[in-house]
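The values are calculated or read from the model by the stated rules, or taken from the named source; none is laboratory data. It should be emphasised that the depicted structure is a prediction, and the values quoted were computed from it without experimental measurement. Glycine also receives a Cβ, built like all others from the backbone with ideal geometry; neighbour counts cover every protein chain displayed. For accessibility, only protein heavy atoms count, side chains too; no ligands or nucleic acids. Shrake-Rupley method; radii C 1.70, N 1.55, O 1.52, S 1.80 Å.
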Amino acid sequence: MTEPADLVVVGAGPAGMAAAATALAGGLRVALLDSGTALGGQYWRHPPEHARAAVPTDDLHHGLDRYRALCRALAAHRTAGRLDLRLEHHAWSAVREGDGFAVHAADRREAPRETAVVLRAPRLLVATGAYDRQLPFPGWDLPGVLTAGGMQALLKGGSVAAGSRVALGGTGPFLLPVAAGLAARGVEVVAVCEAAHPRAWLRHPGPLLSNPDKWAEGAGYAATLVRHRVPVRPRTAIVAAEGGERVTSVRIASLAPDGSPRPGTERRVEVDAVGVGWGFAPQLDLLVPLGASLTDSADGNAVVAVDRGQRTTVPGLYAAGETCGVGGAALAVNEGRLAAASVLADARATTVPMNRRLAALRSAVDRQRAFARAMALAHPVPPAWSSWLTDETVVCRCEEVTAGAIRTARADGAPDHRQIKQLTRAGMGWCQGRMCGPAVHCLTTRHRAYEPAERLVATPVTLGALADLDEDPPVSTASPVSAASPVPATSTEPTDSSETDKECP
Amino acid sequence: MNEIVVDGEPLPYTEGQTVAAALVAAGRVAWRTTRVGHRPRGVFCGIGVCFDCLVTVDGARGQRACLVPARPGMTVTTLEGDDD
């Protein structure tokens, strides 16, 4: 595509794919970029196109018909020259530029070599999804302990099982497809420890009854788990992992309603891998620096605030999918379509009458949002989870800051995760608090939603690529800048000092 | 069979796999130690968020093994510590 794009979409998961397809169908030119090697994001994570025969993973997926239809639509627009598809492009910054936006990305198709690229358009749609929310526990940094999503990424992307005898723990329906996928690959899943109790769903009969497809999906996973004799244990948790050079066992305990382990219920189970996840944390890195307002979500996260048409509070900036609140792929697809409908309406500067299709989309989004809210309320982070921690438990994996250090800082008066960071370095390392941020927040401030720190660089970029960008890149839809010599990922660290005073009144 | 070279030793992989997937498939769960506690680390988040799985790829340090697709002849050096 040589002509400038009308819309840049960041993220080619369910929301971004649907948004791009709808915008293209409406006549817009679209640039769609994603860090992955294939379309699909994490939910429809696939090996790259050329490797699909060697690494068959279709059986691990749900809703593949929709994925294939979106792939076909995008392929047709790409052939027609209307879609500029950029896989293996890591967006590290999005900024206002004139009346539009400039998205800075690192082209890593020849990784580790990196080339800087700038994509410009009058409108920007951010669909960057979410990643596993983690809570620390003793031994969670032992090799062989992975996020539940990481286990699934290995499975879906490369057909690799992280272990042969696996325990899963945390909360939320996502543990079920991970367990089912592992079982389907011959892994012995010794326990799925779900901290919540299914009874909690009964307090939300409306969303339950109005989303039968969700239950059909759940029933499918349940059938797989029964077939493979995978035990799902409600109101239990993995409270410790043990081992030397790698995990060799976990300690599992029954939980009281507040999440504290019931005395005398703890037992040890031998494993060679562990998967844990406590819901998800939205990936807001591109949205926060652009000034998009956030709002509280029922699951303890701050999410980007959007109107009924997925418009953020920044003119020309739209969001769809998990950045607007974690709710799953079907909701993300509908939000992507809705966002693109708004882009089309706004681009034409005319009032588009509410047609039947748009009304149906909004109604579906409302229904699926209600389900997401019920899911968040039924699968909360247990209030007393911190009772699993010892003073020696590492909370910040990058800087190796312990729970004891954080408790001391809190006792010294640190009111939130930002102040804890300044006092202890928790969140100051490579991942910039993405892993420990929600946990440190819970350990200090429970009464408000977790807002991630503002990070001006969303993903590492080489200093060479940054330096090249100073040389007035030509104004075009995509401006390749010469390759730069890679530097360690710590090049992100300077962004840390940019934390603003406004965050710590 | 495709191969990458990890710390001088050939490691087979299946086309489409990342460096991390190839290491895990070969039974390796740790390939780095941390700077402070010298704790062993390997892949954790699997999607490029946590930076636990860092390796040196073709001489370029600080690469997330879970993001880099394995390619024939690629050389991978595992790290001794964060500050190597």
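Note on segment B:13-84: Rg/Rh from C-alpha atoms, Kirkwood Rh, equals 0.94.
Shielding value for B:21-32 is 5, the average number of Cβ atoms from other chains within 10 Å of each residue's Cβ. Given in Å, the Rg to one decimal and the Dmax to the nearest whole number for the Cα atoms of segment A:28-110 are 14.6, 47. The convex hull built on the alpha-carbon positions of the protein assembly as shown has an orientation-averaged projected area of 24.9 nm². Descending by average beta-carbon neighbour count within 10 Å, the peptides A:217-230, A:368-381 line up as A:368-381, A:217-230, the highest first. A protection proxy built from the mean count of other Cβ atoms within 10 Å ranks the segments A:76-82, B:51-57, most packed first, as B:51-57, A:76-82.
Over segment A:264-318, one equal point on each Cα, no solvent: what is log10 I(q)/I(0) by the Debye formula at q = 0.16, 0.22, 0.29 Å⁻¹? Once normalised to I(0) and log-transformed, intensities are -0.60, -0.89, -1.19.
The packing ranking of peptides A:57-69, A:309-321, highest mean first, is A:309-321, A:57-69, where packing means the average number of other beta carbon atoms within 10 angstrom of each residue. Using every pair of distinct Cα positions in segment A:311-463, the Kirkwood expression returns a hydrodynamic radius of 18.5 angstrom. Shape index of segment A:354-393: Rg/Rh, with Rg the Cα radius of gyration and Rh the Kirkwood radius from the inverse mean 1/r over Cα pairs, equals 1.43.
Per-residue shielding of A:238-248, expressed as the average number of other chain Cβ atoms within 10 Å of the residue Cβ, stands at 1. Taking all C-alpha pairs of segment A:157-247, those more than 22 Å from each other amount to 33 percent.
For the chain pair B and A, the buried solvent-accessible surface (1.4 Å probe, both sides summed) amounts to about 3600 Å².
For the protein assembly as shown, with only Lys/Arg (+1) and Asp/Glu (-1) charged at the beta-carbon, what is the dipole magnitude about the Cα centre, in debye rounded to 20?
2240
Helices in chain A that qualify as membrane-span-like (whole DSSP H runs, Cα extent of at least 30 Å along the helix axis, mean Kyte-Doolittle hydropathy of -0.5 or higher) are A:356-378.
For segment A:284-362, the fraction of C-alpha pairs more than 16 angstrom apart is 50%.
Computed over the alpha carbons of segment A:1-58, Rg followed by Dmax gives 12.9, 37 Å. Look at the stretch A:134-146: the mean tally of other chain Cβ atoms within 10 Å of its residues' Cβ atoms is 4. Computed from the alpha carbon atoms alone, the convex hull of segment A:36-187 holds 161 Å³ per residue.
Taking the DSSP beta bridges with both ends in the protein assembly as shown, the antiparallel portion is around 60 percent. Work out the P(r) tail for segment A:211-334: percent of alpha carbon pairs separated by more than 25 Å, whole number. Roughly 50 percent, rounded to a whole number. For segment B:6-20, a drop of 20 Å² or more in accessible area on going from the chain alone to the assembled protein chains (1.4 Å probe) is found at B:THR14, B:GLU15, B:GLY16, B:GLN17. To put it simply, the accessible area of the protein assembly as shown at a 1.4 Å probe is 53 percent carbon and sulfur. Comparing Cα centroids, segment A:384-400 and segment A:406-471 end up 16 angstrom apart.
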